[in-house]
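Below you'll find the structure, written out as structure tokens, and then a few comments.
Here, each number is a calculation from the coordinates, and none is a lab measurement. Just so it is clear, the structure is predicted and the values come from calculations on it, not from any experiment. Because the Cβ atoms are built from the backbone with ideal geometry, glycine has one as well, and the counts that use them run over all protein chains shown.
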Amino acid sequence: MRALLALAVMLVLAQVGQPYPSTAWLHHVPTALLLLAAPTLIRRWPLSDGAVIGLVLFFALHTLGGRYTYSNIPYDHWAEALTGHSLSGAFGWSRNHYDRLVHCAFGALFYAPVREAALRYAGCSARLAMLFAVGFVLSIGALYEILEGMLTLMADPAVADDYNGQQGDIWDAQKDMALAFSGAILAALLTRFSERRRYARGRSVLVVPQPL
């Protein structure tokens, strides 16, 4: 619950001196509704602390993106203040890449909670839970891009451009989905590697001869 409280505080602070009020509500209202529902959801379908922290970390990244809009996160100013050099200058970037980071984080941070829910509450095998979690990331990522595209067609052009963060890239949606998929695959591989190591360590403990 402390992680949820920290996210709630961050969500409130993100509204202080909000620089993009016309689009902020599009990002923050869904997060606020989820926070209100979270205690009930967690009581009904408990998850491990690690899974909950992963979800909170993702929504913290999303809340930061919603404050500035994803296209205007001032990470170059922050980097210059800390090191005297901008990230865009160092890597030759011509666009703001914060949205790419968050889409990759979506796949990486949602994988474990969804897999855990599939194991606990859907009776899935380990392999099926892995496939379900990766499929969830792909399907939700695609649905989000479709809804974002529909909003672009219906909303005021200036508001839509600030919200969707396309930044002139016609393949933005495809790249975002690919990054989410990559994040989920990476999380799946790390989870598998970690479980195999724990299993091997457990077996090695069992086969070591005990002193007489």
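Condition first: over 12 Å from G65 (Cβ atoms) and in a loop (DSSP other than H, G, I, E, B). Now tell me which residues in the range 9-28 satisfy that.
Matches in the range 9-28: Q15, V16, G17, Q18, P19.
Residues in the range 135-148: is at least one in contact with a Gly (Cβ under 6 Å, 6 or more places away or on another chain) and either hydroxyl-bearing (S, T, Y) or under 27 Å from E195 (Cα atoms) (or both)?
Yes, that holds for at least one residue.
Just give me the residues in the range 63-109 being assigned to a helix (DSSP H, G or I), of a type in the set (S, T, N, Q) and closer than 19 Å to A173 by Cα, in sequence order.
Result: S71, N72.
Please state which one of S48, S71 is buried (at least 18 other Cβ atoms within 10 Å of the Cβ) and touching a residue at least 60 places away in the same chain (Cβ under 8 Å).
Result of the check over S48, S71: S71.
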